[in-house]
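Have a look at the structure below before the remarks.
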Amino acid sequence: MSPASRGERLPIHNRLRVLRAERGISRARLAEMVDVNPQTVGALERGDHYPSLDLAFRICEVFGLPVEAVFSREPFAPLSESLYGGGTGGR
Amino acid sequence: MVAALWAVCLVGLVLWALLGGPAGIDAGWWVLYAVWLLPFVVLRSMTRGVAERPVARLDEREAKLRGRYLAIGYYTALCAGFAVAVYLVALSHADPTALARGAQLLLVAMGMAAAVPTVALGWTAPDDDPEDLETA
């Protein structure tokens, strides 16, 4: 959460783990690319730390995606559900 | 475990200082003081990455973490210093010959201000995640 924020602490969800896995990037490599420590990438993935706008932009630049594709106020749906929809199991 | 040993030694040091005789500082007290500082030195070496690196080389999470624990140290110094000052004022009226006890408590207060942020960080920081160290 930005240090300037007040009031209710709203979560920021992210897709970092999925995006890393998809592109075969380790935490250490991503950390190197955005100039933070690997523990900070781990903390972001676990939701223990919310990124500054600067760090969020740097991460999005690595994946070539807009901020809203990587970070969201709402939990992201599982990738399989996004691709195939529904989740009822039948056709 | 380390934090518990540190806390027990702290209580021992304060009680020894408060209940000890007026004839200077015992050698045993110095030994206990050294034992008390040892966990701090060990934890300090383990948390050196966050505690001692120049702020320009910390990332945003580490800088925030360090700020939080330095604030704890600041308030510890403030409270412990105030408690020692009150004790010294009271002691100057009750038994002015026993001022060595005040020096003992001042040493404990200084040690606490230095060690509390490190002990708190070492105690509360999560263990390293093996995935953080993977390079491929």
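The values are calculated or read from the model by the stated rules, or taken from the named source; none is laboratory data. Every value quoted in this text rests on a predicted model; they were computed, and no experiment measured them. Using ideal geometry, Cβ is built from the backbone for each residue, glycine included, and neighbour counts are taken over all protein chains shown. Remember, those area values only see protein heavy atoms, side chains included, never the ligands or the DNA or RNA. Shrake-Rupley method; radii C 1.70, N 1.55, O 1.52, S 1.80 Å.
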With every protein chain in place, chain B: carbon and sulfur % of accessible area (1.4 Å): 73 percent
Whether the stretch A:13-65 is rounded, prolate or oblate, judged on the alpha carbon gyration tensor where a/c under 1.5 counts as rounded: rounded
Pairwise FRET efficiency - B:Arg48 versus A:Leu79, Cβ, R0 = 45 Å, nearest 0.05: 0.70
Derived scalar couplings ³J(HN,Hα) [the stretch A:26-35; Karplus, 6.51 cos²θ - 1.76 cosθ + 1.60; whole Hz; x for Gly, Pro]: 6, 4, 4, 5, 4, 4, 5, 5, 10, 6
Charge dipole (debye, nearest 20) of the stretch B:2-124; +1 at Cβ of Lys and Arg, -1 at Cβ of Asp and Glu: 400 debye
Solvent-accessible area, 1.4 Å probe, carbon plus sulfur percent, for the stretch A:13-65: 49 percent
Residue-wise HN-Hα coupling along the stretch B:84-99, computed from phi with Karplus coefficients 6.51, -1.76, 1.60 (Hz; x: Gly, Pro): 5, 4, 4, 4, 5, 4, 5, 5, 5, 7, 7, 8, x, 7, 9, 5
Chain B: relative contact order in percent, alpha carbon pairs under 8 Å with at least 6 residues between: 36 percent
Cα gyration tensor category, rounded, prolate or oblate, for the stretch B:78-117 with a/c compared to 1.5: oblate
Cα shape, the stretch B:28-98, gyration tensor, a/c 1.5 rule: oblate
Derived scalar couplings ³J(HN,Hα) [the stretch B:31-43; Karplus, 6.51 cos²θ - 1.76 cosθ + 1.60; whole Hz; x for Gly, Pro]: 4, 4, 4, 5, 4, 5, 6, 4, x, 4, 5, 5, 5
Interface residues in the stretch B:94-136 - accessible area drops by 50 Å² or more relative to the isolated chain, probe 1.4 Å: B:Glu131, B:Asp132
Å² of accessible area per residue within chain A, as computed with a 1.4 Å probe and no ligands counted: 64 Å²
Area buried, chain A against chain B - accessible surface, total, 1.4 angstrom probe, square angstrom: 1300 Å²
For chain A: relative contact order, % (alpha-carbon pairs under 8 angstrom, 6 or more apart): 36 percent
